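For reference, the structure discussed in these notes is given below.
The values are calculated or read from the model by the stated rules, or taken from the named source; none is laboratory data. Every value quoted in this text rests on a predicted model; they were computed, and no experiment measured them. Cβ atoms come from the backbone with ideal geometry, glycine included; neighbour counts cover every protein chain shown.
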């Protein structure tokens, strides 16, 4: 029964609200699960208690979804019923109007340690095409703080030249959450690795041309799921899963702990270093592509190096004799 409304709702969100392809796909998957739970019943007959049951106990028990993971489901159901109500498919009160979002704490993000970031970016074999690609990819993730979705969507045209103090430089233009555009200057180290990668002779054997003449920036060299003659154009784009696999493979080989081997851990290193370097909060937020200052402030909890150095140097205990002073001297920590 829900199928008669689902496609029209998704078209509405796409055409009128400008939702991204990723959001539309997520809403479609959520409504598919909602339809399976309804088991043929008319969604217009649901009351607020039934919707609360689906978005709460059912999702938790059936799919092990905890509070934060259920938030997109509630958002989708609220939007779906708002649309049904607006078009007159529901008479009376909208049952999802007051559907509550679960309360949950916001966990601190995982951050790759700076020494492990060095191990990771140095792990690829620069004597191979894949090694140069992977080193350039790591440099862009660590040096520009891109989200994974933004990284894999990059084309060659995403590299934008500009001039600073008479010197030619490159920036990267990315479209991430909600198709928001941001322009981030490339560090010289990342720029050098990218230029070596893009000029590699192996590109001559890779047909990655897109319909508009552009080419994906980071290309895949292997795809066993499709015939070789179809492994061209957009299908040559390195996928998000492919990037995750590359990070894990090189990281484990370099001895980096597995809990730090996620592309987002590299992005968080970028944000943490900006904060450690006293970059103003608004500029950090702009470089990170944050829409909320709250997202930027989380890095003040992660940037402990400078605060620790300040405490060790300037706190009153460092300037007086205490029962621990002699022991610390013997340990070589003062």
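Here are some notes:
- Among the residues of segment 68-79, at least one is at pLDDT below 90, out of contact with any helix residue (DSSP H, G or I) (no Cβ under 9 Å at 6 or more places or on another chain) and not assigned by TED's automatic domain parsing to the domain that holds residue 263.
- Every residue from segment 164-184 that is touching a helix residue (DSSP H, G or I) at 6+ places or on another chain (Cβ under 8 Å) and without any contact (Cβ under 8 Å) to a residue 24 or more places away in the chain: 169, 173
- Any helices (runs of 4 or more DSSP H) falling wholly within segment 105-213 and containing at least 3 residues that are over 18 Å from the mean Cα position of the chain (by Cα): 114-122, 129-144, 188-198
- Filter result for residue 259 (more than 14 Å from the chain's Cα centre (by Cα), within 23 Å of residue 135 (Cβ to Cβ) and either assigned by TED's automatic domain parsing to the domain that holds residue 182 or in contact (Cβ under 8 Å) with a residue 12 or more places away in the chain (or both)): yes
- Considered as a group, the residues in segment 1-19 that are in contact with a helix residue (DSSP H, G or I) (Cβ under 7 Å, 6 or more places away or on another chain), assigned to a helix (DSSP H, G or I) and without any contact (Cβ under 8 Å) to a residue 24 or more places away in the chain include one that is surrounded by the most Cβ atoms within 10 Å (Cβ to Cβ), and that residue is 10.
- Summed over segment 20-49, the residues that are touching a residue at least 40 places away in the same chain (Cβ under 8 Å), part of a helix (DSSP H, G or I), over 25 Å from the mean Cα position of the chain (by Cα) and over 13 Å from residue 80 (Cα atoms) give a count of 1.
- If you check 333, 283 for being part of a helix (DSSP H, G or I), out of contact with any helix residue (DSSP H, G or I) (no Cβ under 7 Å at 6 or more places or on another chain) and either modelled with pLDDT of 70 or more or surrounded by fewer than 19 Cβ atoms within 10 Å (Cβ to Cβ) (or both), only one passes: 283.
Per-residue answers, yes or no, for (1) closer than 28 Å to residue 69 by Cβ; (2) surrounded by 13 or more Cβ atoms within 10 Å (Cβ to Cβ); (3) modelled with pLDDT under 90; (4) not assigned by TED's automatic domain parsing to the domain that holds residue 234:
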site: 91; (1), (2), (3), (4): no, no, yes, yes
site: 99; (1), (2), (3), (4): yes, yes, no, yes
site: 102; (1), (2), (3), (4): yes, yes, yes, yes
site: 127; (1), (2), (3), (4): no, no, no, no
site: 131; (1), (2), (3), (4): no, yes, no, no
site: 136; (1), (2), (3), (4): no, yes, no, no
site: 148; (1), (2), (3), (4): yes, yes, no, no
site: 181; (1), (2), (3), (4): no, no, yes, no
site: 185; (1), (2), (3), (4): no, yes, yes, no
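- Qualifying residue in segment 71-78 (condition: touching a residue at least 40 places away in the same chain (Cβ under 8 Å), part of a helix (DSSP H, G or I) and more than 30 Å from residue 11 (Cα to Cα)): no
Each row is one residue, and each column tells you yes or no for (1) assigned to a helix (DSSP H, G or I); (2) assigned by TED's automatic domain parsing to the domain that holds residue 124; (3) at positive phi; (4) surrounded by fewer than 16 Cβ atoms within 10 Å (Cβ to Cβ).
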| site | (1), (2), (3), (4) |
| --- | --- |
| 222 | no, yes, no, yes |
| 234 | yes, yes, no, yes |
| 249 | yes, yes, no, yes |
| 278 | no, yes, yes, yes |
